1. For the stretch 24-74, give me the residue count where each residue is touching a residue at least 24 places away in the same chain (Cβ under 8 Å), over 19 Å from the mean Cα position of the chain (by Cα) and part of a loop (DSSP other than H, G, I, E, B).
2. Among the residues of the stretch 198-219, write down those that are of a type in the set (Val, Ile, Thr) and at pLDDT below 70.
3. Which condition does residue 224 not pass, out of (1) touching a Pro at 6+ places or on another chain (Cβ under 9 Å); (2) modelled with pLDDT of 80 or more, if it passes all the others?
4. Note down all Cβ pairs under 9 Å where the first residue falls in the stretch 400-425 and is touching a residue at least 12 places away in the same chain (Cβ under 8 Å) and more than 22 Å from residue 225 (Cα to Cα), the second is assigned to a helix (DSSP H, G or I) and of a type in the set (S, T, N, Q), and they're at least six residues apart or on different chains.
5. Condition check: in a helix (DSSP H, G or I), among the hydrophobic types (A, V, I, L, M, F, W, C) and in contact with a His (Cβ under 9 Å, 6 or more places away or on another chain). Does residue 100 satisfy that?
6. Please go through the stretch 242-265 and give me each residue that is buried (at least 24 other Cβ atoms within 10 Å of the Cβ) and of a type outside the set (Ser, Thr, Tyr), ordered by number.
7. If a residue must be modelled with pLDDT of 85 or more, crowded, with 17+ Cβ neighbours inside 10 Å, part of a helix (DSSP H, G or I) and not hydrophobic (A, V, I, L, M, F, W, C), how many such residues does the stretch 358-414 contain?
8. Give the residues of the stretch 341-357 that are surrounded by 24 or more Cβ atoms within 10 Å (Cβ to Cβ), part of a helix (DSSP H, G or I) and of a type in the set (Gly, Ala, Ser), sorted by residue number.
Amino acid sequence: MSTRVVKEERASRAQDRLQVLQARSHRQRWRLIWLLVGPGILVMLGENDAPSMLSYSATGAQFGIGFFLPFVLLTFAMAFVAQEITVRLGAVSKTGHADLIYRRFGRFWGNFAMSDLLFTNLLTLVTEFVGIVAGAGFFGIPKSIAVLGGVGMVSLALVAGRYWVWERVTLILALTNLVFVPVAILSHPLWGQVTSSFLTWHPFPVQGFGSHTLVILLADIGATITPWMLFFQQGAVSDKGLTLKDVAHGRLDTAIGAVLATMGAAACIVATSALFTHHMNASQFNAAEFAQALTPYVGHLGSALFAFGILEAGLVAATTISTSSAYAFGEVTRRAHSLNAPAKKAPSFYLVLILVAASAGAVVLLPGFPLEAVVIMVNVIAVLTMPPAIGFLLILANDGEVMGRFRSGRWLNTLGISVGMFVSLAGIIYALTVIIPGFHL
């Protein structure tokens with residue numbers, strides 16, 4: 001990476017940091033929060049992506065309000081534990097996750113982590129475009145136009161000029177994920193049943209861990225914890241220029257994101273539970289038909305909002321996941337990898353960002369491609385590839401040379417290891433259901 005490009009990136013970042021310093025010196029608390037939030041909210045709402053919302057739709061339609069509603073709250077709590085570490089890693093190391101893995105673990109493990117990331121990213125991006133096509137289809141928009149629109153949204157990074165501008169535009173779009181809340185209200189759920197599901201929750205589904213229940217359970221875990229989140233948030237924290245003084249605000253940013261994403265996910269389950277309540281067979285609905293199926297219970301407005309929510313979820317996630325791929329590529333190839341760098345100074349960064357999105361969109365346009373079949377399974381695959389990513393994360397969080405006084409303490413390590421064990425155990429149980437026919441726990 002040339003010295004000139006680095007200087008230009010730092011100059012753009014310095015403009016944003018100056019505003020932060022002014023807000024801090026004048027004790028402008030709310031302005032400071034506004035300036036520092038972004039990566040955490042984006043990563044959490046970005047993970048409320050198209051396959052996640054369709055997984056939650058399948059959950060509500062097939063199981064109703066019960067075990068899975070509080071379970072989603074638990075999964076976002078686990079996601080916060082993992083993402084809080086990336087805030088500290090980014091603020092302390094001033095570099096991205098891929099670069100840190102290569103430096104601390106060597107090229108072999110770095111290549112392993114990159115392969116894990118790129119594999120899950122490409123699969124997930126395909127499902128984002130499935131969601132974009134499904135949501136747009138409700139409004140009569142052709143598949144090709146929907147895919148072009150999705151690639152166009154990702155390509156806005158080319159004209160943003162600065163990380164700050166890109167972040168604010170994407171953040172505004174991401175906040176529309178809360179559109180699922182009015183859909184849930186329009187479905188007229190039994191609010192007493194919703195409250196009861198939290199007060200009387202049992203940590204095991206009444207159906208047991210049969211293969212079908214377990215696939216939905218793993219899909220909901222994969223809807224909140226995936227490898228790309230680690231690479232995106234650490235890269236964004238570094239690109240935004242957060243410092244050690246900003247770690248507390250980074251945690252707050254991530255917590256706000258987790259709360260907002262939980263609201264969107266829970267609202268989606270509540271809304272589609274209307275199908276379960278009225279004994280509808282959810283297996284007859286593919287990705288494009290959940291909105292239509294809900295029309296008798298939420299009206300045309302509610303179903304239109306639901307379809308828009310799926311479309312929005314795909315657009316935001318396609319943007320953030322493509323960016324995480326570009327960050328990782330730039331870090332390991334030692335090329336410019338910042339949204340503060342203009343396209344002509346960081347051509348490979350923007351080329352990767354757009355190319356991965358365009359490739360995924362092209363797959364969706366293939367005739368006869370089984371779009372709906374891949375949606376649930378992608379979240380399952382994300383869970384199965386998560387244990388190595390969690391392992392790298394926990395080791396880095398305890399690396400004294402990297403973290404110094406910000407290394408994880410006993411309490412944070414306990415939480416982090418618990419998350420890693422939970423995700424690994426879920427993967428083991430799923431493997432048993434595949435190996436042993438009829439396995440039921």
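The values are calculated or read from the model by the stated rules, or taken from the named source; none is laboratory data. These numbers come from a predicted model, not from an experiment. Methodologically, a virtual Cβ is constructed for each residue, glycine included, from the backbone with ideal geometry; neighbour enumeration extends over all protein chains shown.
1. 4
2. Selection gives 206 alone.
3. Unmet condition: (1).
4. 402/93; 403/93
5. In short, no.
6. 242, 250, 253, 257, 258, 261, 264, 265
7. The qualifying residues number 1.
8. If the condition is that a residue be surrounded by 24 or more Cβ atoms within 10 Å (Cβ to Cβ), part of a helix (DSSP H, G or I) and of a type in the set (Gly, Ala, Ser), then 357 is the only one that fits.
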